[in-house]
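The values are calculated or read from the model by the stated rules, or taken from the named source; none is laboratory data. These figures come from a predicted structure and were not determined experimentally. Neighbour counts are summed over all protein chains in view; Cβ atoms, including those assigned to glycine, are modelled from backbone coordinates with ideal geometry.
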Amino acid sequence: MAVDHTRAPVLEALTEHHRQGRLAFSPPGHKQARGADPDVRAVLGDAVFLGDVLASGGLDDRLTRGRVLERAEELMADAVHAEHTFFTTCGSSLSVKAAMLSVAGPHEKLLIGRDAHKAVVSGLILAGIEPVWVEPQWDAERHLAHPPSAAAFEKAFEIHPDAKGALVTSPTPYGACADLRAIAEVCHRRSLPLVVDEAWGAHLPFHPELPSWAMDAGADICVTSVHKMGSGLEQGSVFHLQGDRVPVELLKTRSDLLGTTSPSVLLYAGLDGWRRQMCLHGEELMGTALELAAEVRAAVEQIDGMHVNDRADFCGPGLADDFDPLPVVIDLDGLGVSGFQAADWLHEHRSVDVHLADHRRINVQITHGDDRATTGELLAALKDLARVAPDLRPAPRTEMPSPAELRLAQGLLPRDAFFGPAEHVPWTEAAGRVAAEIITPYPPGIPVVLPGERLTEPVLRYLRSGLAAGMNLPDPTDRKLDTVRVVARDAE
């Protein structure tokens with residue numbers, strides 16, 4: 001049956017809702033902006049409130065007989081070559097948990113790349129899944145992790161043949177991509193599913209020069225944050241399913257278990273509109289973005305002290321399999337400043353916000369929403385940063401552990417450590433103790449410490465020195481990390 005991608009069921013239903021002048025005696029209580037605070041209306045505009053209606057009993061009837069959301073999800077599935085698609089309004093943090101719970105349950109094993117997002121760790125805690133950590137491919141020179149190899153997943157399955165499946169993150173927030181076809185083959189040879197956390201890959205299906213999309217590479221479930229690299233609103237996420245290794249009904253019930261019963265139609269509209277936009281104009285828009293990113297990369301490379309990480313840096317034996325050029329990762333090591341310093345200076349002095357910052361890099365993502373005006377301002381700000389860099393030196397030193405030192409031994413299941421008896425100890429006394437909390441530099445949100453892992457002095461020094469250098473640690477109960485929450489001695 002022919003699919004008409006000029007249609008946008010959610011947007012069309014909203015238009016019809018307003019045309020009919022429906023009068024609601026139901027939530028939301030602002031009643032189409034009439035009851036909203038005037039100052040809020042002045043800042044946000046009434047369009048936000050006009051689009052904020054109930055999904056059922058508003059956008060659709062009380063039994064959803066119009067199939068508005070279902071039709072929108074079917075169109076999205078067709079657009080990205082999936083068999084089933086689900087919209088969520090709680091971000092990919094919810095989507096990836098639903099995917100995990102569909103593959104493994106309490107005390108069952110799941111192979112997971114150790115460069116996973118904190119949302120994955122939260123899923124482990126909630127579900128009681130036993131993680132089998134698969135080592136990323138470490139670039140020791142740049143202190144950067146790339147996705148694990150297919151060989152690493154193969155070895156992990158050989159050691160843990162009772163594992164229920166695998167989860168890999170690709171692309172990473174830095175744009176590094178896994179060999180998804182090879183990893184999928186490793187899983188499927190065992191009739192097990194592969195889940196891909198592709199939160200940073202919403203744009204990948206829509207241009208042939210971009211890395212392979214997870215569904216095309218054979219993944220069973222793929223999670224995507226449309227708000228990250230697409231045109232969706234914050235928290236707008238989708239997850240896709242193909243094949244029969246994970247029953248569609250099971251995935252839906254797991255999603256319903258975690259999701260809200262009050263989804264935002266505004267977010268649904270953003271997802272629906274993004275799909276239509278990409279199906280009609282995606283290759284052109286992504287092609288322009290790729291050209292723009294290439295220009296930015298070349299221009300930044302000409303700024304003294306700055307180096308743009310490219311395919312030669314990220315791809316090759318023992319590194320990433322592929323590379324997304326739209327996240328422009330700028331190494332500032334030659335400038336003598338940290339990414340934390342650079343991000344703060346750009347924010348305060350040039351009103352430019354970068355995506356992520358670490359001890360030596362910043363990441364400025366280019367999307368189809370950019371043009372030469374926005375990138376021109378970015379380049380001017382980066383040149384100014386290079387001029388003032390001598391005044392920012394020296395960069396506060398972050399004590400970086402080796403890749404081997406970064407890996408902590410798992411003493412307890414994350415769930416048991418997180419919910420079990422715990423106490424706070426001074427950070428100077430925490431080495432050797434089992435962590436009872438997550439500790440995550442954010443962004444990108446990849447935990448350094450997980451509940452259940454045994455703390456070491458190099459990792460504690462890394463976190464303390466990083467905090468002093470400007471690292472953001474939103475997770476620990478003591479944000480200053482003077483103390484660390486650890487499992488009580490009698491519970492270790």
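For (1) without any contact (Cβ under 8 Å) to a residue 24 or more places away in the chain; (2) out of contact with any helix residue (DSSP H, G or I) (no Cβ under 6 Å at 6 or more places or on another chain), each residue gets a yes or a no:
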| residue | (1), (2) |
| --- | --- |
| Arg254 | no, no |
| Leu266 | no, yes |
| Asp272 | no, no |
| Met278 | no, no |
| His281 | yes, yes |
| Leu285 | no, yes |
| Glu291 | yes, yes |
| Ile303 | no, no |
| Ala312 | yes, yes |
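Listed here are the residues, each with its yes/no results for (1) in contact with a strand residue (DSSP E or B) (Cβ under 8 Å, 6 or more places away or on another chain); (2) outside any helix (DSSP H, G or I); (3) closer than 19 Å to Ala77 by Cβ.
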| site | (1), (2), (3) |
| --- | --- |
| Thr253 | no, no, yes |
| Ser262 | no, yes, no |
| Leu266 | no, no, no |
| Gly270 | no, no, yes |
| Cys279 | no, no, yes |
| Ala289 | no, no, no |
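Every test in (1) within 30 Å of Gly128 (Cβ to Cβ); (2) polar (S, T, N, Q); (3) without any contact (Cβ under 8 Å) to a residue 60 or more places away in the chain is passed by Thr15 save one, and that test is (1). Scan region 40-51 and tell me whether some residue there is touching a residue at least 24 places away in the same chain (Cβ under 8 Å) and more than 30 Å from Pro443 (Cβ to Cβ). Yes, that holds for at least one residue.
The residues on offer are Ser102, Ser26, and the sole one that is surrounded by 14 or more Cβ atoms within 10 Å (Cβ to Cβ), hydroxyl-bearing (Ser, Thr, Tyr) and in contact (Cβ under 8 Å) with a residue 24 or more places away in the chain is Ser102. Among residues belonging to region 1-19 that are loosely packed, with under 13 Cβ neighbours inside 10 Å and assigned to a loop (DSSP other than H, G, I, E, B), point out the one that is modelled with the lowest pLDDT. Checking each candidate, the answer is Met1. Going by what's in this entry, would Gly165 be described as over 16 Å from Ile446 (Cα atoms), crowded, with 21+ Cβ neighbours inside 10 Å and in contact (Cβ under 8 Å) with a residue 40 or more places away in the chain? So Gly165 passes the test.
With respect to (1) loosely packed, with under 14 Cβ neighbours inside 10 Å; (2) touching a His at 6+ places or on another chain (Cβ under 6 Å), the lone exception for Ala36 is condition (1). Quickly run through region 124-182 and pick out the residues that are closer than 22 Å to Ala214 by Cα, aromatic (Phe, Trp, Tyr) and under 20 Å from the mean Cα position of the chain (by Cα). If the condition is that a residue be closer than 22 Å to Ala214 by Cα, aromatic (Phe, Trp, Tyr) and under 20 Å from the mean Cα position of the chain (by Cα), then Trp133, Tyr174 are the ones that fit. When the residues of region 366-410 are filtered to those that are assigned to a loop (DSSP other than H, G, I, E, B), touching a Gly at 6+ places or on another chain (Cβ under 8 Å) and loosely packed, with under 14 Cβ neighbours inside 10 Å, the one that is modelled with the lowest pLDDT is Arg393.
Total residues in region 49-95 satisfying the condition of being modelled with pLDDT under 95, under 20 Å from the mean Cα position of the chain (by Cα) and either in a helix (DSSP H, G or I) or not assigned by TED's automatic domain parsing to the domain that holds Ser231 (or both): the figure is 5.
The set of residues from region 436-487 being in contact (Cβ under 8 Å) with a residue 60 or more places away in the chain and assigned to a strand (DSSP E or B) comprises Val484, Arg485, Val486, Val487.
Check His188, His207 and return the single one that is touching a residue at least 12 places away in the same chain (Cβ under 8 Å), closer than 24 Å to Asp310 by Cα and in contact with a Gly (Cβ under 9 Å, 6 or more places away or on another chain). Of the residues listed, the single one that is touching a residue at least 12 places away in the same chain (Cβ under 8 Å), closer than 24 Å to Asp310 by Cα and in contact with a Gly (Cβ under 9 Å, 6 or more places away or on another chain) is His207. Picking from residues in region 318-351 that are surrounded by fewer than 21 Cβ atoms within 10 Å (Cβ to Cβ) and hydrophobic (A, V, I, L, M, F, W, C), the one that is modelled with the highest pLDDT is Trp345. Candidates are the residues of region 240-251 that are of a type outside the set (Val, Ile, Thr) and outside any helix (DSSP H, G or I); the one that is surrounded by the most Cβ atoms within 10 Å (Cβ to Cβ) is His240. Identification of helices (runs of 4 or more DSSP H) wholly contained in region 141-239 with 2 or more residues that are among the small types (Gly, Ala, Ser) and farther than 23 Å from Leu101 by Cβ yields 150-159.
Just checking, how many residues over region 326-345 are in a helix (DSSP H, G or I) and closer than 30 Å to Trp274 by Cα? If you could, list the steps in order and put the result at the bottom.
Here is the first cut: in region 326-345, the residues in a helix (DSSP H, G or I) are 333-335, 339-345.
Now narrow it down to the ones that are closer than 30 Å to Trp274 by Cα: 343.
The number of residues fulfilling the criteria is 1.
Considering only region 417-435, state which residues are charged (D, E, K, R) and assigned to a helix (DSSP H, G or I). Hit for region 417-435 is Glu429, nothing else.
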